[in-house]
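Bear in mind these aren't lab numbers, they're just calculated from the coordinates by the rules spelled out. Note that this is a predicted model, so its numbers are computed, not measured.
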Amino acid sequence: MRIHTLIVEDDTGLRESLEKSFRRKNHDVVCVSEVCDAQRLLRERKIDLVLLDNRLPDGTGLDVLTKARELDEETAVIMMTAFPEVKTAVNAMKEGARDFIVKPFELEELHLTVQRALEERELRRSVQRLERERRSRGEITEILGESDSIEQVRDQIRKVAEADTPVLVVGATGTGKELVADSTHRLSLRSKGPLVKVNCSAFSEQILESELFGHEKGAFTDARDARAGLFEMADGGTLFLDEISEMKPGLQAKLLRIVEGQRFYRVGGQREVRTNVRIIAATNRDLKARIRSGDFREDLFFRLNAFQIIVPPLRDRGSDVVLLSRFFLLRSAAALRKGTLGLSPDAEQILLSYNWPGNVRELQNVVERAAILCESGQIGTEHLPGELQAQTFLTQQAKDGSGSMPSLAEIDCRYMAHVVETVGGNLSEAARILGVARNTLKAKLRATE
């Protein structure tokens, strides 16, 4: 497929040079030197790529960029700018330009920049196409993974989505409970209605009551106007109550009445309000323990627990760790404009060996950090946090091969030696990773000799 390229450059020599170079690369090229002509061509033709000078006789490159983004967000725009205008080019990227290159530049450097921008565009298109195909088949695209445990979650979502019954989603922090709510709503008969979300732990009891049920003017000091609550906003759709275990008992009683189909009043109101809302609640706490301690109503638990979905921790999902890592890496690489990034076998092994107390959210943060640090095309062990490497090392060293269990002091010595060897004998770097002073590390190493 030929790439339709628009070159906007008022320097005749550079413009002609770029035109010849990109025609040799089999691009369909058209050239202009002014903003008005560029904007006209963008309206008249399908343009895949714009090579855009910043300073033009009748305006700036930003004027062309704005029009290109307005007409087609998929058009890849690369700014060509002199060194003093780099700040302007960075601002242009914030407005939607794919990249910028500083004049003077080598043609090969520009071609690499263009190739990267076009590859990113094709990657986005492929992801969007796959997403549409999966949605058309009723697949659950929000939750990634191929493990049996996550497939069971998807199967439960499919079964309960159209039932319109309350759903209780249980799982540790960072496992993806909100994604379960998103999928359940999207596959339900209420999908054309709103999905409204609230974190019950984020507000005091009084504010949460006002958020959920609304208030009338003058109901309390700051109630200058009447306001509809989240139940009214979610009418005809779904209300997602995250961290339901943190809701105070007084509000639980009011919520119970609504779950049972009764009307409610806004705070300070005298008019009954009735809504048609499906409730999906989520918690990372043991609600039965909260019931025993008197912090959660048993009758509300039974109403919300009509159908329970348990989201497994990441450590129980096996190779999903690598699959998710590659997905987050793909997304991070695109956001950072780093092209394609991969995982080294050693890095994969560390990710698989770690127990992920923060679950998918922690994995996402680790991969995004690694993508920022990586300056090559592959994530290595050196790009991963020290605690991941330490836990993997300790797991491998828990047995020394003789069948006996080493002492804590012996494991401590082995790990120090491992870190020093990994950083090539750099004691300052080793001390930083180990979280001790350099002199302390030297003393410990001398003691092991």
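Mean-square fluctuations from a GNM of the chain, with a 10 angstrom spring cutoff on Cα atoms, peak among E382, E95, E142 at E95. Rg and Dmax over the alpha-carbon atoms of the chain stand at 28.8, 81 Å. GNM on the chain, alpha-carbon springs under 10 angstrom: the most fluctuating residue among G145, G229, G218 is G218.
Calculated [222 nm] ellipticity per residue, helices only, for the chain: -15000 deg cm²/dmol; basis is -39500 (n - 2.57) per DSSP H run with n ≥ 4, divided by all residues, nearest 500. Considering only R224, R186, R98, the Gaussian network model of the chain with Cα springs below 10 Å gives its largest mean-square fluctuation to R224. If you plug each phi of the range 228-236 into the Karplus form 6.51 cos²θ - 1.76 cosθ + 1.60 with θ = phi - 60°, what whole-Hz ³J(HN,Hα) values come out, in order, with x for Gly and Pro? With the stated coefficients, the range 228-236 comes to 6, x, 5, 4, 5, 5, 8, 4, x Hz. Among the listed pairs K94/K192; K67/K177; K254/K288, which have their C-alpha atoms separated by more than 29 angstrom in this model? Violating the 29 Å limit, Cα to Cα: K94/K192; K67/K177.
Each DSSP beta bridge with both residues in the range 4-133 is either parallel or antiparallel, and the antiparallel ones are about 10%. A straight line joining the Cα centroids of the range 218-241 and the range 303-367 runs 36 Å.
Of all DSSP beta bridges in the chain, what percent run antiparallel (nearest 5)?
Of all bridge pairs located within the chain, approximately 10 percent are antiparallel.
Summarising the overall dimensions of the range 148-312 from its C-alpha atoms, the Rg and Dmax are 15.8, 54 angstrom.
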